Each structure stands twice: as structure tokens, then as C-alpha cells.
Amino acid sequence: MKKCGDKTMDRQNSSSKLGSKQISKPDDFTSPDVLFEKIIAAIKKYHPSTDLSLVEKAYKLADEAHGSQCRKSGEPYIIHPLCVALILAELELDKETIVSGILHDVIEDTEYSYEDITNMFGGEVALLVDGVTKLGQLSYSTDKLDVQAENLRKMFLAMAKDIRVILIKLADRLHNMRTLQYMRPEKQKEKARETMDIYAPLAHRLGISKIKIELDDLSLKYLQPDVYQDLAVQIASKKSEREEFIGSIVKEVKSHIDNAGIKAEIDGRVKHFFSIYKKMVKQDKTIDQIYDLFAVRIKVDSVKDCYAALGVIHEMYKPIPGRFKDYIAMPKKNMYQSLHTTLIGPNGQPFEIQIRTFDMHRTAEYGIAAHWKYKEGKGGEVNKEEEKLSWLRQILEWQQDMSDNKEFLSLLKTDLDLFADDVYCFTPAGDVKNLPSGSTPVDFAYSIHSAVGNKMVGARVNGRQVPFEYQLQNGDRVEIVTSQNSKGPSRDWLSIVKSTQARNKINQWFKAEFKEDNIQKGKELIEKYCKSKGITITPYMKPEFMKKVQQRYNCRDWDNILASIGHGGLKEGQVVNRLIDEYQRVHKKEISAEEILKEMKEKSKKVNTAGTRSGIIVKGIDDMAVRFSRCCSPVPGDEIVGFITRGRGISIHRTDCVNVLGMSDDDRARLIEAEWQADCLDNGGCYPTEISIYANSRMGILNEVTKVFLEMKMDITTVTTRMSKQGVATINLCFDICGIDQLNKIIAKLRNIDGVIDIERTAG
């Protein structure tokens with residue numbers, strides 16, 4: 001059954017202007033057809049000759065598949081996938097990616113399957129849609145490290161198979177974040193935290209600033225609304241004054257650049273909110289003390305013109321010492337290239353100028369999407385793009401050897417960290433090494449090769465001997481001294497290195513070097529744990545259970561599990577309890593229905609009263625969990641019966657439930673008497689129920705139905721409608737009630753509505 005409001009609705013408040021140039025907002029559109037026209041127009045801008053029949057086919061299928069599904073704002077659900085596709089089109093991605101964006105929720109939310117999408121759109125589109133569907137099923141929780149780490153591992157594996165999966169997911173997240181106001185406050189914070197921790201850094205790592213900037217600002221808006229509003233007020237308070245200042249700088253710069261004979265495009269802006277806030281926190285300054293609150297961007301045709309323009313600028317304005325950065329000669333890890341210089345304006349106001357080529361600007365805005373290898377299909381381009389994703393391969397390599405989820409998450413966030421500045425150093429041969437700020441010669445050694453780091457015995461920086469903990473500076477020339485007699489890295493190095501790569505390589509060395517010792521230590525720790533808990537481990541040490549544990553902790557064999565316990569990566573209690581869980585899961589399946597009944601009937605004949613929320617008395621069973629079945633949703637006043645399940649306690653059904661009426665004789669033997677507590681109507685409990693209303697279709701009937709609930713001060717949790725060819729409307733309503741009497745009153749009032757043919761309670 002299709003349900004309204006299953007997804008986050010994401011319409012952005014049009015009064016909020018975040019950052020500079022942005023991707024189109026959904027507020028600009030009034031209907032799905034208008035949105036689709038925007039998608040087609042966006043594609044034709046960069047690919048005018050392409051056949052768009054597949055895109056149109058995807059739109060028609062998605063519109064039909066999502067049908068009457070609604071979002072939390074009440075608008076048709078098809079708006080969401082179309083907005084996602086528009087974002088992808090504005091990133092100038094290939095046709096298959098845009099089609100997958102339109103279809104990205106079809107497998108998850110409609111009756112269409114993976115095979116259907118394959119048959120209609122081909123295997124490439126089906127794989128992308130399936131990849132996004134699986135990412136959508138991952139749950140993020142800062143409280144459950146194991147779950148969070150495992151889900152992130154799956155995310156990176158999906159990215160490695162096809163990076164377009166994460167590009168679609170980023171577009172999906174951006175559109176959802178734009179309308180987070182339709183979610184509950186606790187859900188807003190949860191989604192904003194997930195976006196801030198994972199998705200914005202991923203967009204940053206992929207170099208897609210158009211998405212990264214907006215995700216940052218929207219996350220800040222919901223995580224720290226007071227800070228966000230304060231920034232908005234402070235920036236808006238002097239808006240005209242700032243626009244006048246930037247306008248005068250742009251005009252003056254353009255005049256000098258034109259006089260120098262340099263062809264350039266120049267514009268100015270105020271930096272986006274999160275960037276300003278980050279600098280205020282990091283530098284402990286007020287907004288008026290931020291140097292680069294304003295930025296002027298100069299775009300030119302060639303690298304030569306970039307440096308020529310820099311000369312003109314430094315002749316015009318006085319540069320602030322230490323505030324020049326050359327990201328053209330030494331690009332950032334996410335492919336970003338530009339010249340940055342901070343200057344003092346005519347009135348003493350600091351401002352930043354960024355100088356780049358048009359190609360560099362495109363890369364800065366669109367990142368990996370600007371050079372997507374699938375666009376042209378040229379073999380030579382593939383290798384370039386693989387190089388740009390080397391960091392992803394690196395994550396996949398070191399995550400395989402890391403069983404400690406806390407360490408994995410820590411290293412992952414460090415590697416994705418968009419707060420970290422970089423330091424650029426040189427090898428004796430003149431090669432540039434890009435390292436995190438605060439890196440040491442040990443980090444430098446491991447950036448060359450793990451063998452260099454493992455054999456390192458000393459370091460020289462600019463020809464001078466330095467200690468291992470020396471913090472490298474931009475421009476340092478580093479020479480690593482190695483020796484074949486070296487005994488390997490020291491554990492002390494783990495406390496001084498800054499890079500993920502160095503820390504992981506050092507840990508790997510210790511794991512390999514002392515593996516035999518760690519295996520023995522792991523065995524001893526398991527034996528000691530079992531002895532202290534009175535556990536006999538032998539029944540649980542079966543190959544099938546051990547294999548499940550190996551898969552759970554990504555270990556190739558049991559020796560790796562023991563070694564991980566030995567060096568502290570895993571806790572012996574974790575492993576033993578996991579073995580016991582696997583054993584019990586299989587053992588429970590082997591217990592027959594007859595054994596369950598026998599065990600139940602041998603229990604004492606005490607009367608069991610379930611918790612106050614359920615208000616159920618089950619006769620003849622003591623100390624047993626009781627739950628309500630979803631197939632018939634019983635409420636106080638209904639005639640009920642209990643059903644003894646296998647391993648999940650007693651399930652309570654209505655006696656007229658179709659599942660009860662259709663039970664086999666064997667299952668009927670597991671039915672047991674149950675009744676409501678006398679005071680269950682007075683305990684304030686709420687019970688979910690569902691009804692279907694059949695009515696002649698007419699304007700305003702849904703409004704009259706919801707008015708009945710409003711008058712009775714009751715909330716409707718879900719509502720869906722559909723129309724038959726004969727003009728009969730079916731309205732399905734889900735809501736909470738306290739008992740059968742209240743339900744009968746509601747149904748009586750609903751029957752009085754003009755046009756209502758019949759009302760039935762959903763069951764089975």
C-alpha cells in the first residue's frame with residue numbers, strides 16, 4: 001500500500017540566500033512538468049545532440065510508479081526525484097546518471113523490481129538505482145559505532161564500484177536537506193549531523209563545492225539555529241555597504257586587468273555562512289575580524305594569465321604577509337586549483353582575491369563530475385579519473401585490515417576532514433608531498449612508501465637534522481635517513497603522526513610482526529574470559545559459527561580474529577558473545593512447534609499480566625513477552641486471542657483476523673486464551689488502527705473526513721487515497737485510539753458524511 005509522507009520533503013525557504021552561486025531551488029517550480037522541462041533544458045546546454053527519449057521514458061515510469069505517493073509537505077512525491085535529476089543535470093553528468101536520479105526511489109518505494117528496471121533501461125541504470133537504494137537503507141547513528149562503521153564500509157565499497165552512485169546520493173541528500181523543516185526537530189538534528197559528518201566531507205573530498213557549500217550551510221542552520229540566524233542578521237545588516245565595497249573593488253580590479261591586456265571575467269561575493277562560522281571558531285574572532293569575509297574571483301584563459309593577473313593585483317593593493325597560497329602549483333587533494341591572496345583595500349578593509357582559469361573554476365564547482373570519465377568514453381581519460389580517486393582506493397585498502405570500528409571511524413573522519421589545512425613539502429628530487437597540517441618526518445616517510453617508513457632512523461629538513469616529532473612547514477625539503485638494521489617503527493610514533501596513511505601502516509607493521517604472539521595472547525584472553533563467566537566454549541567453536549564471526553569483523557580467517565583480540569583491536573567478550581548468538585540463532589530454529597507448546601504448557605498456571613502499555617492478560621503462561629500483531633491491530637474492546645510464536649513471545653490477534661481464521665490445524669494448537677485488563681481503557685494507552693472509507697468521489701470529501709478527526713482532537717498518522725475507474729474513492733486512514741468505543745464513535749460520524757458508501761476496519 002502506498003503511503004504519504006514516507007520520505008523527507010525538502011523545500012528550501014526562498015528568503016534564505018546561502019553562499020554564492022547555487023544549484024536551482026525547488027521553489028522555482030510549480031509542477032512536475034515544469035521541472036522536467038528544466039531538466040531537458042539543462043541537459044541540452046552541455047549535450048545538445050543527445051537523444052533524450054530515455055530521460056522522458058524514466059519520467060513517465062517514475063510518475064506512474066510513485067502515483068499518489070506524497071511527501072511530508074503534501075506535494076506529489078515525483079517532485080523529489082525530478083529535483084534530484086535536475087541537480088545532476090546542472091552538474092552536467094551523463095544521461096544514465098540523470099535517468100538513475102529520476103528512478104532512484106522506484107525499486108525501494110514502488111512495485112517495480114531490479115529486473116524490471118534492467119529490462120526497460122539496461123543493466124547500467126539498474127546497477128546505479130540499486131546502488132543508491134542500498135545506500136538509502138544504511139542507518140547512521142553516533143550511538144552505535146559497529147553499525148555506523150559497517151554502513152560506511154558499505155558506502156565506500158559502493159563508491160568504488162561506480163562513483164556515480166554517491167553523486168546521485170549527494171544530490172538526493174541536498175534536496176532532502178533543503179526541506180528539513182518538514183521533519184520533527186529531533187529528526188532534523190539527526191539528519192543535519194549525518195550530513196555534516198559524512199556527506200558534506202564526501203562532497204568536499206570529491207571537489208563538488210556547489211553541493212558541499214550548501215550542505216554545510218543547511219547543516220549549520222539545523223544544528224545551531226541561533227548561530228545561523230545571528231550570522232544571517234550580521235551579514236544582512238551591512239549588505240548594501242558590503243555590496244558597494246565589493247562592487248568598487250571589482251570595478252577597480254577590472255580596469256587594471258584590462259589595461260594589462262589580460263582577458264578576464266571578474267565577480268565578487270560574501271563567503272558562505274559555514275565558512276565564516278568555521279573561521280570565527282578556529283581563530284576565536286568576531287565576524288568583523290575575519291580577513292576573507294569578502295572574496296573577488298578572477299577567471300582567465302591560461303595559467304600564464306593567472307600569474308600575470310597576480311602581479312597586477314599585488315601592484316594595486318598591499319598583500320597581507322603569510323596570506324598567499326599557490327594551489328595551482330600544489331593542488332589540493334580534491335583537485336582544487338587557484339591562487340589565493342589576501343589584501344588590504346582602499347579603506348583598510350581586508351579582502352581575498354582568487355585567481356584561476358575557467359577550467360580550474362569548473363573543477364572547483366563540480367569536482368569529479370567536471371571530468372567524469374563516462375562522458376566521452378575515452379580510454380585515456382579513465383586513468384586520470386582513477387588517479388583522482390586514489391584516496392578512495394586507499395580507504396578501501398586500510399579498512400580491510402582494521403577490525404576496531406572506533407579506530408576506523410576516527411581515521412575515516414580524519415581522512416575526510418574538511419577543516420584540516422595541508423602542508424606541502426619536497427623530496428630531495430623535488431617531488432611535492434601533500435600532508436595534513438602538523439605532520440612530522442614520519443608522516444613524510446610513509447607518504448613515500450611503507451618500506452621507507454619502516455626502515456626510518458632519522459630525518460634532515462633543509463639540510464639540518466631534526467627530531468621525529470618536528471612539525472613540517474610549507475616548502476620544507478625533507479630527506480629521510482633509513483637503515484637495513486632498523487628494528488622497525490616505534491609505538492611512540494603513533495602519538496606523533498597526523499596522517500591516516502602513516503598511522504595505518506605503523507599498525508599494520510605491529511600486527512604482522514607480532515602476529516604469532518598476538519594469536520597466542522588472543523587464545524589466552526578467550527579462555528580467561530570464558531572461565532570468569534562460567535562458559536564452556538567448545539559447543540560454540542563450530543566452523544559455521546566461526547565463519548559468521550569472521551565475516552562480521554572482516555577477517556580472512558580465525559587466526560586474524562585471535563590476533564585482533566591479542567593486540568586489542570577486538571574485545572574477547574565481543575567475539576565469545578557473537579559465537580553464542582550464532583549458536584542460539586541456529587538452535588532456536590531447530591526447536592519444533594510441539595516442543596514449544598510442551599514447554600509452555602509445563603509452565604506454572606499463573607496469570608501473566610503484560611506491561612501497562614499493552615494491558616493484556618494471557619491465561620496459563622507466566623513470564624512471556626506479549627506484542628500486538630500488525631495484521632489486524634487489536635484495540636481494547638475487541639475479542640482477542642493469543643498465538644505462541646517461535647522465539648518472539650505471544651502475538652495478540654483479533655478473533656476475526658483473516659490470519660487466525662485461515663490457520664492450519666497445527667497452528668491452531670498454538671492458540672491460547674487472552675483478554676484485556678479491566679482498567680486498560682483508563683491507563684492512557686494508545687493503539688494504532690486502520691480503516692478504509694469507500695465514497696463517491698466529490699470535491700472536499702477528504703477535507704470533511706479530516707474535520708471529523710479534528711473535532712475529536714485526534715491525529716491521523718497516515719492517509720492515502722486512490723480512485724477507481726468507476727469514480728469510487730478509497731481513503732485509507734491510520735490513527736491511534738484508546739479503545740473500541742472511541743473507534744465506533746469515529747466510524748458513526750464518518751458514515752454521516754455525504755457520499756460515504758461504506759467503512760470497514762482493515763484486517764489481515
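Against the test of being within 24 Å of D162 (Cα to Cα), assigned to a helix (DSSP H, G or I) and in contact with a Pro (Cβ under 8 Å, 6 or more places away or on another chain), the options L82, L88 yield a single qualifying residue, L82. Of everything in the stretch 428-449 that is among the small types (G, A, S) and crowded, with 18+ Cβ neighbours inside 10 Å, the residue that is farthest from V481 (Cα to Cα) is S439. Residues that are under 28 Å from K325 (Cβ atoms) and open to solvent by 50 Å² or more (accessible area, probe 1.4 Å) do occur in the stretch 484-500.
Quick check, is T342 closer than 25 Å to I87 by Cβ and either in contact with a Leu (Cβ under 9 Å, 6 or more places away or on another chain) or in contact (Cβ under 8 Å) with a residue 12 or more places away in the chain (or both)? No: the conditions fail for T342. Applying a threshold of 6 Å to beta carbon distances and a minimum spacing of six or more residues, or different chains, the list of pairs starting in the stretch 543-568 at a residue that is under 15 Å from Y583 (Cα atoms) and touching a residue at least 24 places away in the same chain (Cβ under 8 Å) and ending at one that is among the hydroxyl-bearing types (S, T, Y) and surrounded by fewer than 21 Cβ atoms within 10 Å (Cβ to Cβ) reads F545/Y583.
Within the stretch 187-215, the set of residues being within 10 Å of L174 (Cβ to Cβ) and among the polar types (S, T, N, Q) comprises just one member, T195. Considering only residues in the stretch 630-656 that are within 40 Å of the chain's Cα centre (by Cα) and under 15 Å from R761 (Cα atoms), the one that is modelled with the lowest pLDDT turns out to be R630. When L86 is tested against the conditions (1) of a type outside the set (G, A, S); (2) open to solvent by 40 Å² or more (accessible area, probe 1.4 Å); (3) under 30 Å from A364 (Cβ atoms), the lone failure is (2). Candidates in the stretch 500-539 are the residues that are polar (S, T, N, Q) and at pLDDT 85 or above; of these, the one that is nearest to R556 (Cα to Cα) is Q520. K498 falls short on exactly one of the conditions (1) touching a Gly at 6+ places or on another chain (Cβ under 8 Å); (2) without any contact (Cβ under 8 Å) to a residue 60 or more places away in the chain, and that condition is (2). Of R11, R71, all but one fail to be open to solvent by less than 10 Å² (accessible area, probe 1.4 Å), closer than 26 Å to Q181 by Cβ and either at pLDDT 75 or above or in contact with an Asp or Glu (Cβ under 9 Å, 6 or more places away or on another chain) (or both); the exception is R71. Residues that are closer than 23 Å to H66 by Cα and aliphatic (A, V, I, L, M) within the stretch 704-740 comprise I716, V719, M723, V728, A729, I731, L733, listed in sequence order. Restricting the stretch 711-746 to residues that are open to solvent by less than 30 Å² (accessible area, probe 1.4 Å) and closer than 23 Å to W676 by Cβ leaves a set whose member that is modelled with the lowest pLDDT is G739. For the stretch 690-710, a residue qualifies if it is of a type in the set (S, T, N, Q) and either open to solvent by 60 Å² or more (accessible area, probe 1.4 Å) or at pLDDT below 85 (or both), and the qualifying residues are N696, S697, N703.
Screening the stretch 528-576 for residues that are under 24 Å from F514 (Cα atoms) and of a type in the set (K, R) and picking the one that is surrounded by the most Cβ atoms within 10 Å (Cβ to Cβ) gives R552. Taken over the stretch 657-689, the criterion of being within 17 Å of D736 (Cα to Cα), at pLDDT 75 or above and surrounded by fewer than 18 Cβ atoms within 10 Å (Cβ to Cβ) is satisfied by C686, P688.
If the condition is being at pLDDT below 85, among the aromatic types (F, W, Y) and open to solvent by 70 Å² or more (accessible area, probe 1.4 Å), then the stretch 281-337 contributes only Y291. Listed by position, the helices (runs of 4 or more DSSP H) contained in the stretch 144-238 that have at least 1 residues being under 14 Å from the mean Cα position of the chain (by Cα), surrounded by 19 or more Cβ atoms within 10 Å (Cβ to Cβ) and modelled with pLDDT under 80 are 145-161.
Taken over the stretch 112-137, the residue count meeting the criterion of being within 25 Å of the chain's Cα centre (by Cα) and part of a loop (DSSP other than H, G, I, E, B) is 3.
Taking into account only those residues within the stretch 91-109 that are in a helix (DSSP H, G or I) and open to solvent by 10 Å² or more (accessible area, probe 1.4 Å), which is farthest from L128 (Cα to Cα)? The qualifying residue farthest from L128 (Cα to Cα) is D109. Just to be sure I understand the filter: pairs with C-beta atoms under 9 Å, separated by 6 or more residues or on different chains, first member in the stretch 479-490 and over 19 Å from R464 (Cβ atoms), second member open to solvent by 70 Å² or more (accessible area, probe 1.4 Å). Which pairs pass? Sorted first by the residue in the stretch 479-490, then by its partner, the pairs are S483/V457; N485/V457; S486/V457; G488/E513. Would you please list the contacts, defined by Cβ atoms under 9 Å and residues six or more apart or on different chains, that run from a residue in the stretch 698-725 that is small (G, A, S) to a residue that is in a strand (DSSP E or B)? Filtered contacts from the stretch 698-725: S724/T730.
The values are calculated or read from the model by the stated rules, or taken from the named source; none is laboratory data. Keep in mind that this is a model prediction, so the values were computed, not measured. Note that we place each Cβ from the backbone using ideal geometry, even for glycine, and neighbour counts take in every protein chain shown. Accessible surface areas use protein heavy atoms only, side chains included; no ligands, DNA or RNA. Shrake-Rupley method; radii C 1.70, N 1.55, O 1.52, S 1.80 Å.
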